[in-house]
Each structure stands twice: as structure tokens, then as C-alpha cells.
Amino acid sequence: MTRSRLQLSLLLLASLLPGPAMAESDVDQADSLRFQQFFEDKSDSIKVWRETDGKIESGRRKPMVKAYEDGGAAAKPATANSATAGAANTPRTIAPATAKPAAAAAPEELRGMRYEIRERYTLDRSDDTPYSALHVVTAMHKQMAGLCPKGWRKYAERSEPVGKDFFLYYELECL
Amino acid sequence: MKLKALPLLLAGLALSAPATVLAAGPTVYGKVNASLQKFDMEQISGGQVVSERDDWQMRSNASRIGVKGDYDINESLKAVYKLEYEISVDTGTNSNGREFAARNIVGGLQGSWGTFLFGRHDTPLKLIQEKVDRFNDLQIGDMSNFLVGEFRRDNMIMYTSPDFSGFNLTAAFSPGESAIGADGKEDDSLADSASFALTYGAGTDLYLALAHEQNMASNSSAGSSDITRLVGEVKLGAVKVGALYQTARQHKSEDAIAGVPSGINQFGGSFEKQDAWLLSGEWAATKAIVLKAQYGYSESKPLTANRSDAEATQIAVGIDYKLDKNSKFYGYYAQVDVEGDSAYSTGKPSDKTIGVGYEINF
């Protein structure tokens, strides 16, 4: 193969390589007829205030990642490693995002990651959870430590009934 | 009421307030796009050059700030809004001396059945171009420098269907609100102006779109143009190739097509029809560098009998250097040449610019 043919082949090959990711920010979609997508939140949308408490939020949000499987599965006692293992389970994202287990991700990648975690607890006695309202907090902190080894800011907390028990939810952001 | 009961009452009111108020706050978006331009332009009238421009300028290129948002009315219906304003980052005010100029400002409803919007908005025909105009918003590079149809219309009522296997249908209309047309009659019907678009594959590697609008013009002017536009773009790896064809006609025999670029306008002043096409392409040479080029042509027939068409040709080439997903440096060269009936001018005006700029999207 001559040099010029080789150059031509390389040029053609290069032209078939994927280009830069197509920017799909709000301002790009504002000039299109894709209204369904335009009104959806993007991963880098700049919210004027935080959804949960109405406070001003600085900078871009990372998407919220659910660090648990949906459904009313019974809780298992948290062990020293269960929090990290929980993060490694297939987390579900509220907005498209990639959730890496804390152990596998560099600290700078974890900064700003937002998670929703939960644990089941009971106010009485339950076959589905070993946690009381007091002890479930310890289990939640073990999960948070696994997800955010460099620390975290917890900015929302709620409880929702499940059968005779409750799920305790925390929303947190890694520092 | 006892004072002690007041906190309880306030707490009760707070709890009973619709949760949706905070459930989805507004989102801010926009762009800052400014460039340094070297211009070489001239305008003629009566066969004479009446103005020339040969200087450097800083320009704001459709910089804007917008607020959008939505909230759930119920499980199947949400309210949506978009309020977008142009800002001039070069001087702070636009040609009307205002800091903000309304672009697309709409409210509406959205559900699984589609999106309904009302307000001031670009027409569906204008929006089907997506990014086929590679030099959109740039001085002399924007395709509005050689073709018509880039209308933003007041009083629009618009519906866009949900996605049907890649297809989307948009229909819009606006009442004329008694605007007086060239025939001296008022546009006083519910749907004096209308625009329809059918798109396929928006945002994918193969995009096709067809649009037609009837009795259309900018803002709240009396309608005057019937336009049909066809757009296509294909993406093959790092290469994108796009094309646009359109034909514009006067709506009535008394009308002249609206929005004719000034470069063409000097060869007749008013026109009964225009045919135009555009070819464009870009190549992402690396993850950061995009090379792009565009060629466009239009021929416009003057209303005056026995006058030959005004022909406009646009050539533009440019390079983008992406700093990240949301910001880039760019440089480009654009030129629009026009020639028309010698009764208007024997000269062939050629407008040129070379520019370097910076764009931040947020």
C-alpha cells in the first residue's frame, strides 16, 4: 500500500470514529420541537432552588441515585461491609447516571454524588427487620460511610410506612 | 383567635399547601456567545453604494437567558413554561435600547398525549432546521442572510404530538388580530396564520423533516408568505451532512414574501417568490475540534414585472474548538454574494466577515 493510500485509509477510518457526544443541554433543546425532552430535567440542569426544601442550590446537581432495590424487601442486619456492598448493588437512578461503588471510584469522582438510601425499621417487633428506630440510624450511617468515604452532607430525611414497619430514607451528597 | 393557636394554624396551612409548589423548581438555562468580527460590507440603492462597513466589531450572537419549569397538576398532566430572553453581551442593550428582548415565551400543558403551548414562539417551520444551519446566529453565516422563513410569531397556539416510532407532528396557528394586509383587508380570523411540521428521528443519526406554513410573517405583522421546507441530516461516525430545500410564495397576489434579507432586498424591494437550498457538513476531527462548512443559494423573483431574479450565494467555513461539553472557541469566515437586475445595480455586492468567538452554554 502506498503512503498516500494509507493516509486516505486512515482519514476514512477516522471519519467513522464516534465524534464528541452530542450536547443535549437545555439551551440546545430550547431551539427544537422536542418539547417532551426539553421540559425534562437534564443531569446538568441548573435548578433555581432545591426540590426538597426550597433552598438555593449552588452549581449543577448530579442526578440522584437510589442505592437500593425498589420493593419492600426485608432488611438484613448491617455488617461492617454491608454498606459498601449495598453501594455495589445495582443502584437505580432517578435521572440517568452511573453509580460506581465507593470502593472502585476515586474520591474526586464521588464528590457531589447524590444518593438516596433507606433501611427498614419497626416501632414494635417485626419479623422483617431487626432494627428499632434507634438502631436503624447506625445502619444508615454505615451505608453512608460506604458510599461517601470522604464524608457527606445529609439534606433530607423521611419515613414511609411499609406493612407494620417503616422505611427510613436519607438523601445525601458526598463531600 | 387565641394567639397560642396561631402557630398551629400556620403549621396546618403549610402542611395543606400543594406539595407541587416545591416539587419542581424552575431551571435556568442560556448561552453567552460573543465574537470579534472583521466586516467588509456594502449596501446599494439606486445603483449607488449608500453605506459601507469596513471595520472590527464585537458582536453578541443571540446570547440569551431562559427560565423553564414544570409541575405536576395531577398524575397525568403537568403545567410547563419557558420564558427566554435575548441579552446583548456586547453593549448591554439591543437596538431598541432594552436589556432583554423576548424570544420564545410560552406556557402550556403536557401529558402522554403531547404538549400544548401558547405564547410567542418560533414557528414549527423555523425549528425543523435543528442544527443543519451550521452557522446559526452568526453574523453573515446564519442562513437567514440568504433565505426567508425564520419567523418568530406572536399569539401562537401550538401542539406537538408525542413520539410515534420516531415521528412527531406539530401544528400551530395564530390569529391575525386585525392586522391589515397588503390587500387592505384585516386578518381577523382565529387561524389567519398556520404552520405544520412532521419530523422523523430528531436527535438521532438520521433526521428528516417536512414543514409548511401558510400566510406567515414575523411577530404580529399581517401574514404574507406560504413556505414549504424540507430538511434532512445524516450522521456517519464523526461526519454529519445536512441539506435544506424550501420554496416560498406570496400568499395573495397583493402580498410580498416577508423577511427578505437586506442584501437581497436591495435588488427589488419586494418579491413574489423565492426558492432556496443549503448544503452543510461538519467533521469532528478530534474530540475537541470540529471542522464545518456550508453552501447556500437562493433566487428571489421581484414583484416588478420583467425584472430578473436576485441570486444570493452563501459560503461559510469554520472551526470549533470545544473546551468541554458546554463551551467552545470558534473561528469562521462567511461571505454572501448577491446579484440582480441591472436596473437596480450593475454592481455585485459581496458581504464578508471573518470572526473569532467564544460560546458558553449553561
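The values are calculated or read from the model by the stated rules, or taken from the named source; none is laboratory data. None of these values were measured; they are calculated from a predicted model. Cβ atoms come from the backbone with ideal geometry, glycine included; neighbour counts cover every protein chain shown. Note: accessible area is taken over every heavy atom of the protein model, side chains too, but ligands, DNA and RNA are not part of it. Shrake-Rupley method; radii C 1.70, N 1.55, O 1.52, S 1.80 Å.
The figures follow:
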read-out	value
Enumeration of residues in region B:241-262 that are over 25 Å from B:Ile180 (Cα atoms), open to solvent by 10 Å² or more (accessible area, probe 1.4 Å) and touching a residue at least 60 places away in the same chain (Cβ under 8 Å)	B:Ala243
Pick from region B:195-234, criterion within 14 Å of another protein chain (Cβ to nearest Cβ) and acidic (Asp, Glu), ranking: least open to solvent (accessible area, probe 1.4 Å)	B:Glu213
Residue list for region B:117-146, restricted to those being within 14 Å of another protein chain (Cβ to nearest Cβ) and over 14 Å from the mean Cα position of the chain (by Cα)	B:Leu117, B:Phe118, B:Gly119
Which listed residue, of B:Ala256, B:Ala305, is aliphatic (A, V, I, L, M), farther than 25 Å from B:Gly141 by Cβ and within 21 Å of the chain's Cα centre (by Cα)	B:Ala256
Any hit, region B:107-126, residues being assigned to a loop (DSSP other than H, G, I, E, B), among the hydrophobic types (A, V, I, L, M, F, W, C) and closer than 30 Å to B:Tyr200 by Cβ	yes
Single residue of region B:101-116 satisfying the filter (of a type in the set (A, V, I, L, M, F, W, C) and under 17 Å from the mean Cα position of the chain (by Cα)) that is farthest from B:Ser35 (Cα to Cα)	B:Val106
Boolean, B:Gly149 is more than 10 Å from every other protein chain (Cβ to nearest Cβ) and either under 19 Å from A:Leu33 (Cα atoms) or not β-branched (Val, Ile, Thr) (or both)	yes
Tally of residues being part of a strand (DSSP E or B), open to solvent by 40 Å² or more (accessible area, probe 1.4 Å) and closer than 30 Å to B:Gly318 by Cβ across region B:140-187	0
Matching entry among B:Tyr81, B:Tyr85 (being facing chain A (nearest Cβ under 10 Å) and aromatic (Phe, Trp, Tyr))	B:Tyr81
Extreme residue, least open to solvent (accessible area, probe 1.4 Å), among residues of region B:57-75 that are within 14 Å of chain A (Cβ to nearest Cβ) and of a type in the set (Ser, Thr, Tyr)	B:Ser63
Among residues of region B:323-350, those that are farther than 21 Å from B:Thr313 by Cβ, at pLDDT 95 or above and among the charged types (D, E, K, R), counted	1
